[in-house]
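Please treat every number below as a calculation from the coordinates, not as lab data. Not measured: the values here are computed from a predicted model. Heads up, the Cβs are rebuilt from the backbone with ideal geometry, glycines too, and the neighbour counts pull from every protein chain shown.
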Amino acid sequence: MQEKGEPKEITLRESTGIITSNKLDCFTLHNGIVYNPWERFYGGVIVRGNIIEQVFKGDPPPAKTGERQLLIDCCENRIMPGFVDIHVHGASGFDFTIASDLESEKAIYHHGISGGTTALVPTMVSAPIEHLKQSARNLSAVRKRQAPGTPEILGLHLEGPFLNPWYKGAHSVKYLKNPEAGLIEDLVDSLGDNLKILTLSPELPHALEAISYLKNKTVTVALGHSGASVEEVEQAVACGLQHVVHTFSAMRRFHHRSPGVLGAALTDDRLSAEIIADGVHTHPTAVNLFFRSKPRGKTVLVTDALAVCGLPDGECLLDDKKIIYRQGKAFLENGNLAGSVITMNRALEGAVEMSGLNLEAVLPSATINPARVIGAGKCKGSLEKGKDADLVVLDDYYNVLATFCRGIPLTYRAI
Ligand SMILES: [Zn+2]
C-alpha cells in the first residue's frame, strides 16, 4: 500500500525510454487525467516548443506526416496547469527581501521542483525603502536572464511597508509607513513594470489616493494587515482595491455588529482573496467558510512561504527577528505565527481536504485565478492552445512527479 509522501516508483516514460533530455522540441503527455482546471477528463497535452499545441481527450492523435511523435506516458496520473504563487517570500534558507540574485534563484527552484510552481510573484516584507529597491533590482536581474525551464517571475509583490502597526504580523513596526504620494510614486518609478502587487492597509492616511494612483499604473492593489471597517473597505474598492492577502490572518476579527475587513473580504464579490491552506494559519472550518463565501473565480491559494520552507527543523533570521521552525510551523520568538512552510501542491491538497470540494473546484485557486489577479491569465493558468506550456503532473497523493516550465522539464521522477 502506498503511503502518503512516498511517490510511486513510476511516471513519465517516453515511448522509447525515460526522459533523458531537457530539450524536447515537441512531445505529447498522454494516458493522464487532465484537469483544465475546471473540468476533468482522460487524455493528454501536446507541447511544441514553449507553447501548448493541443489538449486532447482519449488517446493521442496520430503524429503529423513525417514527424516523430515523442510520447510521455503519465501512467494515469494527474496532468494540470502549473501553479501560480503570487505570495511567496522564499525557500531553502533564502528570503527574497534579503537574498542575492543567485540565492533567490535557489528559492525559486525549490518551489518549482518540490511544489509544482511554474510562475510566481516573489514577495518582500517591510524594509527600508532603499533596501526594497535593491532587492527589486536583484530580482529584476534574475527575471531578465530567466529562460524557459525555470519557474517564471511574473513581477514583484511588496507586502508593505504601508501597513497598520496594530496588525503588523511578522513585519517590523520600525519600517512601517503611511502611503504618502511621494513614497508611492518613488517606488513605482524605481520598480517600473516589475511591481505587480502592492499590499497596504486601506484605513491609513493617504491610502485612498495611493490606491487610485496605483490602479492607473496597472499595479494590483491588495488589502492586508488591516483593521479597516466595512465602510473603509467599500471606499477602497471604489478607488480600485482588487485583492485581499491571507484572509483571516493579521486582520481585525469578525464581529456580527461590526464585521470589519474580514466581513468585507468574504462578502464583496469584487475582491479576489488569498487563503493559506496549511492547516496551521487557518482552521479547516475557516477554509471551508472561505470557499463557501467567495465566488469560484475569486479564490486564490498562496503559500506565503518563508525562507525556512524546505529546510529541516531549526532557526533562521527574518530581518532582525528570529524565526523558529518546528514540525511544519514557523513562529516568532513571542510565539506568533510568522508565515508558512508549505509548497503549492500541499496548499492544494489542504484546500481540497478542508473545503470539502473536489479538485476541479479548487484547482482554479492555484492556477487561473492567481494568474488573473496580476493580469497574466492570457498566457498562464490553464491548458489551452497557444498558452505557455506550464504543466505539472501530480500523483494521487499530490506529490509532484514532473514540472514543465514553458515546455522544458524542470523536474521529473522516472523509473
Ligand atoms: Zn506574506
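Here are the numbers for the structure shown:
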quantity	calculated
Relative exposure of Glu231, Glu274, Glu185, judged by other C-beta atoms within 10 Å (fewest first)	Glu231, Glu185, Glu274
Residues whose placed amide H lies under 5 Å from that of Ile408, excluding near-sequence neighbours	Gly149
Relative contact order %, segment 83-373, counting alpha carbon pairs below 8 Å whose residues are six or more apart	19
For Val244, distant residues with modelled amide H under 5 Å away	Leu223, Ser272, Ala273, Glu274
Other-chain or far-sequence residues with amide H under 5 Å of Leu195's (modelled H)	Leu156
Of Lys133/Lys294; Lys57/Lys196; Lys57/Lys378; Lys294/Lys380; Lys106/Lys329, pairs whose Cα-Cα distance is over 29 Å	Lys133/Lys294; Lys57/Lys196
For segment 291-300, Karplus couplings with θ = phi - 60° (6.51, -1.76, 1.60), whole Hz, Gly/Pro x	5, 6, 8, 8, x, 4, x, 10, 8, 10
Fraction of antiparallel bridges per DSSP, segment 196-317 only, in percent to nearest 5	10
Prolate/oblate/rounded label for segment 53-180 (Cα gyration tensor, a/c 1.5)	prolate
Neighbourhood net charge (13 Å Cβ-Cβ; Lys/Arg +1, Asp/Glu -1) for Val261	-3
At most 13 other Cβ within 10 Å, DSSP loop - trypsin sites (Lys or Arg not before Pro), segment 229-273	Arg253, Arg257, Arg270
Rounded to whole Hz, the Karplus (6.51, -1.76, 1.60) HN-Hα couplings of segment 360-369, x for glycine and proline	4, 6, 8, 4, x, 5, 9, 9, 6, 5
Whole-Hz ³J(HN,Hα) from phi, Karplus 6.51 cos²θ - 1.76 cosθ + 1.60, for segment 261-271, glycine and proline x	4, 5, x, 5, 4, 7, 10, 8, 5, 6, 8
Sequence of Met344, Met251 once ranked by neighbouring C-beta atoms within 10 Å, starting from the fewest	Met251, Met344
Exposure proxy ranking, count of Cβ atoms within 10 Å, fewest first, for His256, His89, His30	His256, His30, His89
Cleavage-rule hits, GluC sites (Glu not before Pro), segment 85-165, DSSP coil, Cβ neighbours within 10 Å at most 15	none
Cα gyration tensor, segment 83-373 - rounded (a/c under 1.5), prolate or oblate	rounded
C-alpha center-to-center spacing [segment 49-99, segment 163-179] in angstrom	39
Rounded, prolate or oblate (a/c below 1.5 giving rounded, otherwise prolate when a/b exceeds b/c) for segment 240-397 by Cα gyration tensor	oblate
